[in-house]
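Enquirer: Pasting a structure below so you can have a look.
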Amino acid sequence: MENIERIKNDALQHISGSVTYYRNNPLRFKNEILSGLTVAIAQVPESVAFSFVAGVDPIVGLYATFFLGLITAQIGGRPGMVSGAAGAMAVVIKEVMDSGGLYTESDLEDKELISSGPDKDPLADQADDQRLEYLLAVVILVGMLQAFAGVCGLSVYVKLIPVPVMTGFVNGLAVVIFLAQLQSFQVDDDEAMFNQYDADRDGQITRTEAETQFSTAYRGLSAANLAKEMNTIFSETDTNKDGVIDIEEFNADEDHRIHDGHDDLVRWLELDEGELWMMAVMISLTMAIMHFLPRLTTVVPSSLVGIIASTIFEHAINRTAIGLDTRTVKDMAPVAGGLPTFHIPDVPYTGETLAEILPVSISLCLVGLIESVLTLQLVDEILGDRSDSSGRCKQECIAQGIANFVSGIFSSMGGDAMIGQSTINVKSGGIGRLSTTFAALMFWFFILAASSVIELVPISALVGVLFMVVIYTFDWSCLPLMAGERASRLLYTADPAAPCFVVRQKFHQPKGRAPASDSFLIVLVTVVTVLTNLAYAVIAGVLVACVMFSWKFSDRLQVLPFLCPEPL
């Protein structure tokens with residue numbers, strides 16, 4: 001009871017001290033609030049996009065961002081660092097949710113977790129629901145592993161990560177963020193999706209063609225359920241009641257059941273399409289504001305001003321005067337949602353299940369911890385904090401573990417620190433816990449009550465913000481150090497008194513040039529981060545660095561004369 005009372009008193013003193021501090025520093029309070037608002041707005045489309053990458057419904061990713069953001073804001077190791085549903089973890093999560101991944105339909109049927117029947121959903125839908133249950137179990141286990149790693153102080157081993165690996169990690173994530181934004185220049189390929197049904201290419205979908213496509217997409221669908229699906233499809237889509245569906249009717253409403261039976265195909269915007277050029281204008285507008293406004297004033301975050309300016313341009317000029325609509329957050333996915341509910345994953349709690357999910361859980365644990373700890377160090381560098389980060393790293397691991405555990409029991413996908421949003425936050429003046437706490441609460445407010453407002457924001461504005469994040473994140477200073485010719489030579493010298501005493505000297509570098517080994521590590525980690533995931537990249541970089549270190553210092557080996565064989 002005394003400990004509980006002490007903790008309560010400490011918390012009340014902390015809150016009282018914080019209130020007093022912000023009352024005496026109103027400018028800091030304003031910066032924290034506006035920075036948190038900017039982060040919350042920018043997190044919405046990213047969370048939706050990463051949900052699609054992971055293969056889950058957007059609301060699963062949105063609530064993961066809320067739980068991760070709120071919990072790490074309160075007890076995380078680095079004030080100002082933002083956490084949420086992240087792309088690095090989404091790539092690994094896809095292994096669980098993919099129909100050809102860890103749990104295929106046939107595997108789930110063999111386990112008797114799904115089955116076909118006249119009163120049951122299609123097998124594909126049942127399989128997706130069951131995979132989500134396994135994913136929630138994985139997220140809970142990831143949280144436990146991360147908290148255990150934090151309690152044991154395993155985060156101290158981050159010191160083993162060399163600087164070139166850190167640079168490669170930063171550059172790799174910058175490239176990943178950049179590539180993720182390119183999806184904004186893609187639109188649904190309506191004709192290609194229509195042609196998945198229209199086998200004879202006559203411009204019409206008959207009932208037979210629809211039945212063929214649906215029976216292929218939903219294996220195990222009974223004849224009665226297939227007929228029921230066809231009745232639903234044609235009653236919704238065939239508006240002129242002529243017995244066939246043309247492409248105009250097909251594209252009339254994306255929520256119609258017919259769109260559940262085909263693959264989602266996309267195409268790149270072409271140069272002769274006005275939407276592409278209007279997107280380029282708004283992206284440029286946002287980036288220009290973010291670059292030049294801080295030179296004039298820092299009263300408000302430049303990223304928030306850029307988002308507001310582009311939103312006004314989209315709805316007041318682009319749609320009203322020019323007539324060239326671009327996509328907004330609403331076009332990606334609905335943001336509105338209800339309150340999260342407590343849910344224990346419905347999976348068999350057996351040793352077999354643990355053996356199946358443990359490898360992917362360990363992978364997610366490593367990805368989350370590595371990205372979070374390295375992001376913490378990056379934020380330290382941005383803020384000029386040169387103090388020992390060991391304690392902060394340990395606290396961050398525990399906070400991430402608790403946040404992922406809570407996320408899993410409330411039916412969300414989990415996550416980790418987000419380097420892009422953290423950069424936006426600290427660059428906008430949010431360096432305290434108030435900014436990240438306010439961001440999480442505003443994010444929740446957007447989901448529950450203000451979705452109609454946030455859905456007005458054009459995707460182009462957020463792409464512009466994240467393009468600037470890429471510029472801020474990428475370590476441009478490494479390029480000139482890696483460039484240029486290198487003089488390398490291999491020298492051998494021998495001491496006549498000790499025939500086996502050999503000195504090797506390698507890679508004499510001109511002043512101002514990075515060693516060839518460091519340049520190789522930077523490129524290696526960057527490429528592996530882009531092609532696989534962060535955990536593999538950092539592990540590969542550390543192992544290669546160890547080999548290079550051993551090779552480098554083997555030059556200093558001295559073989560004593562008495563160990564040499566007698567000359568013949």
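Enquirer: Hey, does the range 86-99 have a residue that's among the small types (Gly, Ala, Ser), over 30 Å from residue 41 (Cα atoms) and over 24 Å from the mean Cα position of the chain (by Cα)? Working first, answer last.
Expert: First pass over the range 86-99, keeping only residues among the small types (Gly, Ala, Ser): 86-88, 90, 99.
Among the residues that remain, those that are also over 30 Å from residue 41 (Cα atoms) are: 99.
Adding the requirement that they be over 24 Å from the mean Cα position of the chain (by Cα) leaves none.
No, there is no match, as no residue in the range 86-99 is among the small types (Gly, Ala, Ser), over 30 Å from residue 41 (Cα atoms) and over 24 Å from the mean Cα position of the chain (by Cα).
Enquirer: Continuing with the same structure: Pick from 20, 38: which is part of a helix (DSSP H, G or I) and either at pLDDT below 75 or buried (at least 20 other Cβ atoms within 10 Å of the Cβ) (or both)?
Expert: On the way: 20 fails: either at pLDDT below 75 or buried (at least 20 other Cβ atoms within 10 Å of the Cβ) (or both).
Every option except 38 fails the conditions.
Enquirer: So in the range 208-231, with the set limited to residues that are loosely packed, with under 13 Cβ neighbours inside 10 Å and among the β-branched types (Val, Ile, Thr), which one is nearest to the chain's Cα centre (by Cα)?
Expert: Result: 216.
This table checks each residue for (1) outside any helix (DSSP H, G or I); (2) buried (at least 18 other Cβ atoms within 10 Å of the Cβ); (3) more than 23 Å from the chain's Cα centre (by Cα); (4) not assigned by TED's automatic domain parsing to the domain that holds residue 56.
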{"site": "334", "(1), (2), (3), (4)": "yes, no, no, no"}
{"site": "348", "(1), (2), (3), (4)": "yes, no, yes, no"}
{"site": "358", "(1), (2), (3), (4)": "no, no, no, no"}
{"site": "361", "(1), (2), (3), (4)": "no, yes, no, no"}
{"site": "375", "(1), (2), (3), (4)": "no, yes, no, no"}
{"site": "399", "(1), (2), (3), (4)": "no, yes, no, no"}
{"site": "414", "(1), (2), (3), (4)": "yes, yes, no, no"}
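Enquirer: Return yes when residue 286 is within 29 Å of residue 98 (Cβ to Cβ) and in a helix (DSSP H, G or I) and no when it is not.
Expert: So residue 286 does not fit the description; no.
Enquirer: Give me a count of the residues in the range 218-272 that are in contact with a helix residue (DSSP H, G or I) (Cβ under 6 Å, 6 or more places away or on another chain), part of a loop (DSSP other than H, G, I, E, B) and free of Cβ contacts under 8 Å to residues at least 60 places away in the same chain.
Expert: Residues flagged as in contact with a helix residue (DSSP H, G or I) (Cβ under 6 Å, 6 or more places away or on another chain), part of a loop (DSSP other than H, G, I, E, B) and free of Cβ contacts under 8 Å to residues at least 60 places away in the same chain within the range 218-272 amount to 2.
Enquirer: Another one. Only residues in the range 66-79 that are within 15 Å of residue 37 (Cβ to Cβ) count as the first member; pair them with residues that are of a type in the set (Lys, Arg) and not in a loop (DSSP other than H, G, I, E, B), Cβ under 6 angstrom, at least 6 apart or cross-chain, and list the lot.
Expert: 73/433
Enquirer: Can you go through 520, 549, 553 and tell me which one is at pLDDT 55 or above, assigned to a helix (DSSP H, G or I), closer than 30 Å to residue 365 by Cα and over 30 Å from the mean Cα position of the chain (by Cα)? Write out each step before concluding.
Expert: Details: 520 fails: over 30 Å from the mean Cα position of the chain (by Cα); 553 fails: closer than 30 Å to residue 365 by Cα.
It is 549.
Enquirer: Could you go through the range 89-112 and let me know if any residue there is touching a helix residue (DSSP H, G or I) at 6+ places or on another chain (Cβ under 7 Å), surrounded by 21 or more Cβ atoms within 10 Å (Cβ to Cβ), under 30 Å from residue 434 (Cα atoms) and not β-branched (Val, Ile, Thr).
Expert: Yes.
Enquirer: I want to confirm something. Restricting to the range 424-468 and keeping residues that are in a helix (DSSP H, G or I), crowded, with 24+ Cβ neighbours inside 10 Å and among the hydroxyl-bearing types (Ser, Thr, Tyr), which single residue is farthest from the chain's Cα centre (by Cα)?
Expert: Going through the qualifying residues, I end up with 435.
Enquirer: Looking at the range 126-137, is at least one residue closer than 15 Å to residue 218 by Cβ and among the hydrophobic types (A, V, I, L, M, F, W, C)?
Expert: For the range 126-137, residues closer than 15 Å to residue 218 by Cβ and among the hydrophobic types (A, V, I, L, M, F, W, C): present.
Enquirer: Can I ask one more? Considering each of 311, 320, 326, 298 in turn, give the residue that is touching a residue at least 24 places away in the same chain (Cβ under 8 Å), surrounded by fewer than 17 Cβ atoms within 10 Å (Cβ to Cβ) and not in a strand (DSSP E or B).
Expert: Working: 311 fails: surrounded by fewer than 17 Cβ atoms within 10 Å (Cβ to Cβ); 320 fails: touching a residue at least 24 places away in the same chain (Cβ under 8 Å); 326 fails: surrounded by fewer than 17 Cβ atoms within 10 Å (Cβ to Cβ).
Result of the check over 311, 320, 326, 298: 298.
The values are calculated or read from the model by the stated rules, or taken from the named source; none is laboratory data. Keep in mind it's a predicted model, so treat the numbers as computed, not measured. Note: ideal-geometry Cβ built from the backbone for every residue, glycine included; neighbour counts use all protein chains shown.
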